[in-house]
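See structure below.
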């Protein structure tokens with residue numbers, strides 16, 4: 001948002017410099033990008049008085065002028081403009097002046113006559129594109145005075161970079177509120193001199209119909225008739241230029257001026273081109289089209305909100321008007337719209353159509369519904385003043401969802417707890433009142449009504465944040481909070497390990513680094529051919545509108561393509577021992593989502609090649625299923641979750657074999673071996689083992705955990721190994737479950753430590769290490785032998801296994 005210092009002073013009497021104000025706004029949380037002079041390139045131009053004008057003796061189209069620029073002597077200037085005449089006040093670039101575009105004025109001889117300067121047109125001064133003749137200034141202009149001072153052009157503009165929640169500051173009024181509050185200055189609104197023609201009423205010609213009030217809480221329209229379109233006066237044109245907008249005509253310029261002034265976008269229709277005496281605010285018909293003011297035909301969906309007359313759509317609500325009803329040179333009657341639309345609807349339409357506009361930028365951040373009627377009157381009065389039109393009495397209006405007061409509790413004690421500093425009640429009351437809040441401070445819990453222009457003040461903590469912002473977050477000392485309760489006294493729910501998404505992802509990445517994996521960071525864009533190669537369905541894919549390459553023309557629906565591209569690149573560079581992981585989002589098309597995309601967090605792990613690269617022995621050991629399974633189990637144990645349940649045999653498009661992973665009955669992902677055909681396409685030289693896990697499901701499971709404290713063991717443990725012969729197809733997990741369920745109280749842990757498969761045999765040997773411990777004493781050999789025998793008896797009866805023959 002651009003803030004003109006001169007315009008600001010029309011709202012509040014700030015007397016400091018632009019840089020001082022920029023520093024103060026930055027400390028208030030409104031970061032300033034730069035302070036600049038919008039007319040710096042023409043500051044050297046002065047006002048000149050043409051005293052004499054004669055025809056050039058050697059050129060019919062040139063004139064020789066004697067010009068008074070306030071110096072001791074008159075300047076001789078050769079001018080080629082057809083409208084130059086004696087008695088005019090004109091802008092003059094004297095010798096040594098540099099004009100916009102880098103043109104430096106020097107002494108020049110034109111057809112034998114010495115010229116000591118240049119009389120300028122508006123285009124040469126970079127004010128407008130007008131160049132049919134020189135610019136003629138008002139007769140009250142004084143020769144020798146700087147041109148910018150004579151026209152009172154804005155001298156300093158502050159570029160404020162606003163956060164999305166501060167839509168209230170997208171106007172001079174909004175920033176003036178901040179300045180008045182920060183410096184304790186009075187604030188005044190612009191005067192509205194609205195003279196209504198009481199012989200006719202706007203609501204007798206027009207009716208407003210809004211079928212869905214949630215989409216448009218307020219719509220109002222005024223009628224101005226008998227307008228004469230033309231250029232705006234200089235003060236209006238040059239102020240718009242200083243604020244970065246191009247002047248168009250007096251009607252459109254008036255709407256833009258008030259939009260910058262008060263933050264309320266308005267739109268002017270040619271009333272004569274509207275049909276049926278009704279304005280409707282309703283959704284578009286799927287597949288219909290509308291040609292907007294930029295001449296582009298827009299294809300619409302049922303999610304787009306339109307302005308209709310009785311027969312057809314005439315504007316994209318809150319975004320841009322339609323070309324069929326726009327104001328043109330022959331327009332004389334204006335219907336002025338001032339409305340409040342649901343921000344999300346405007347944002348979605350503007351993004352989908354790639355149609356940014358100043359109006360949409362404000363609409364999608366929320367408008368001040370209570371200020372909207374005032375802004376409508378302000379624009380109407382300004383149009384009538386500039387065009388000579390008459391404003392019909394009243395307005396056509398519909399307000400299906402009136403503004404509702406928002407009252408919040410504010411506690412000084414809570415503010416002190418959150419901010420870490422005690423603030424006086426007087427400071428808090430003054431700050432909240434300065435923000436526009438109504439404060440009722442009868443007891444410890446104040447009742448504060450937030451103003452209509454601050455839609456972001458929704459909770460007590462928002463009010464506390466505002467108080468802290470005005471106090472100065474840089475003034476709050478950095479101290480550790482006081483812990484009032486010991487962990488033993490704290491209720492279980494306060495010890496929850498629930499964390500935010502960023503903290504959870506940080507834990508996942510630290511785990512990956514800790515187990516020796518390398519993190520991969522890939523683009524969210526992949527190619528359709530990558531997803532096709534993995535056998536993934538076309539349904540649910542989201543195409544990239546303007547892809548950089550064909551290899552990046554769709555959003556990824558799984559993290560596997562990126563990791564496989566990393567595999568291809570690294571193998572091509574001779575690195576065959578790969579341990580990669582990537583924690584990232586995948587994107588699936590979902591019409592129910594506001595952005596039409598459902599995002600999910602996924603963790604991908606890829607293992608390829610030698611298990612111990614860089615070590616001489618065992619040189620040929622390759623990654624296998626136990627490696628990928630061990631990583632998954634280790635991750636879950638790291639997060640405090642129980643061991644997963646695994647099921648072999650699930651059909652998968654790019655893993656074979658594929659193992660489904662569940663925790664507490666909830667699916668969390670799959671792991672397995674990449675299909676040989678896919679591995680070959682990505683230049684793999686060995687088996688590729690991969691896992692893809694649903695991080696959101698894992699996050700949800702881990703967030704419900706509550707830490708428990710156990711006494712550390714005082715007595716040593718004893719270990720015994722047990723080798724069992726089991727059929728090849730019998731799951732190891734069932735054997736381990738039977739071992740743990742033996743009922744032996746001394747058994748603490750069970751771990752598989754070895755496996756042997758005799759050649760051409762239907763059985764395999766499995767060696768388990770069992771840990772025994774007693775909490776109150778040191779175990780004897782007899783204690784361990786007895787418990788070990790009991791475990792063996794139970795497992796051989798519960799599972800089809802037997803002890804290995806001696």
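Let me confirm something: among 127, 110, which residue is surrounded by 13 or more Cβ atoms within 10 Å (Cβ to Cβ), under 28 Å from residue 37 (Cα atoms) and in the same structural domain as residue 46 (by TED's automatic domain parsing)?
127 is the lone residue from the list that is surrounded by 13 or more Cβ atoms within 10 Å (Cβ to Cβ), under 28 Å from residue 37 (Cα atoms) and in the same structural domain as residue 46 (by TED's automatic domain parsing).
Condition test on residue 629, is it touching a residue at least 40 places away in the same chain (Cβ under 8 Å), assigned by TED's automatic domain parsing to the domain that holds residue 692, more than 38 Å from the chain's Cα centre (by Cα) and under 16 Å from residue 560 (Cα atoms)?
Details: touching a residue at least 40 places away in the same chain (Cβ under 8 Å): yes; assigned by TED's automatic domain parsing to the domain that holds residue 692: yes; more than 38 Å from the chain's Cα centre (by Cα): yes; under 16 Å from residue 560 (Cα atoms): no.
When the stated conditions are applied, residue 629 does not pass them.
State the number of residues belonging to the stretch 63-82 that are buried (at least 16 other Cβ atoms within 10 Å of the Cβ), within 19 Å of residue 124 (Cα to Cα) and within 57 Å of the chain's Cα centre (by Cα).
Matching residues across the stretch 63-82 total 6.
Run down 325, 255, 289 and say which single residue is free of Cβ contacts under 8 Å to residues at least 12 places away in the same chain and either touching a strand residue (DSSP E or B) at 6+ places or on another chain (Cβ under 7 Å) or crowded, with 23+ Cβ neighbours inside 10 Å (or both).
Working: 325 fails: free of Cβ contacts under 8 Å to residues at least 12 places away in the same chain; 255 fails: free of Cβ contacts under 8 Å to residues at least 12 places away in the same chain.
After applying the criteria, what remains is 289.
For the stretch 689-709, does any single residue satisfy the condition of being farther than 21 Å from residue 637 by Cβ and either in contact (Cβ under 8 Å) with a residue 40 or more places away in the chain or buried (at least 17 other Cβ atoms within 10 Å of the Cβ) (or both)? Show your work before the answer.
Step one: filter the stretch 689-709 for residues farther than 21 Å from residue 637 by Cβ, giving none.
No, there is no match, as no residue in the stretch 689-709 is farther than 21 Å from residue 637 by Cβ and either in contact (Cβ under 8 Å) with a residue 40 or more places away in the chain or buried (at least 17 other Cβ atoms within 10 Å of the Cβ) (or both).
I'd like the residue in the stretch 432-461 that is assigned to a helix (DSSP H, G or I) and touching a residue at least 24 places away in the same chain (Cβ under 8 Å) and, out of all such residues, is surrounded by the most Cβ atoms within 10 Å (Cβ to Cβ). Walk me through it before giving the result.
Kept after step one, since they are assigned to a helix (DSSP H, G or I), are these residues of the stretch 432-461: 432-434, 460-461.
If we keep only those that are touching a residue at least 24 places away in the same chain (Cβ under 8 Å) as well, we get 432, 434, 460-461.
Values: 432: 24, 434: 19, 460: 18, 461: 14.
Taking the candidates together, the pick is 432.
Just to check your reading of the model, which residue among 365, 351 is part of a loop (DSSP other than H, G, I, E, B), out of contact with any strand residue (DSSP E or B) (no Cβ under 9 Å at 6 or more places or on another chain) and either on the phi < 0 side of the Ramachandran plot or in contact (Cβ under 8 Å) with a residue 60 or more places away in the chain (or both)? First the steps, then the outcome.
On the way: 351 fails: part of a loop (DSSP other than H, G, I, E, B).
Every option except 365 fails the conditions.
Take the residues of the stretch 260-278 that are over 16 Å from residue 326 (Cβ atoms) and touching a strand residue (DSSP E or B) at 6+ places or on another chain (Cβ under 7 Å): which is surrounded by the fewest Cβ atoms within 10 Å (Cβ to Cβ)?
The first filter runs over the stretch 260-278 and keeps only residues over 16 Å from residue 326 (Cβ atoms), leaving 260-264, 276-278.
Now drop any that are not touching a strand residue (DSSP E or B) at 6+ places or on another chain (Cβ under 7 Å), which leaves 264, 277-278.
Details: 264: 27, 277: 12, 278: 15.
Among those residues, the one meeting the criterion is 277.
State the number of residues belonging to the stretch 562-591 that are within 27 Å of the chain's Cα centre (by Cα) and not in a strand (DSSP E or B).
Of the residues in that region, 3 qualify.
The values are calculated or read from the model by the stated rules, or taken from the named source; none is laboratory data. Keep in mind that what you see is a predicted model, and the values were worked out from it rather than measured. Every residue, glycine as well, gets a Cβ built from its backbone with ideal geometry; the counts of neighbours run over all protein chains shown.
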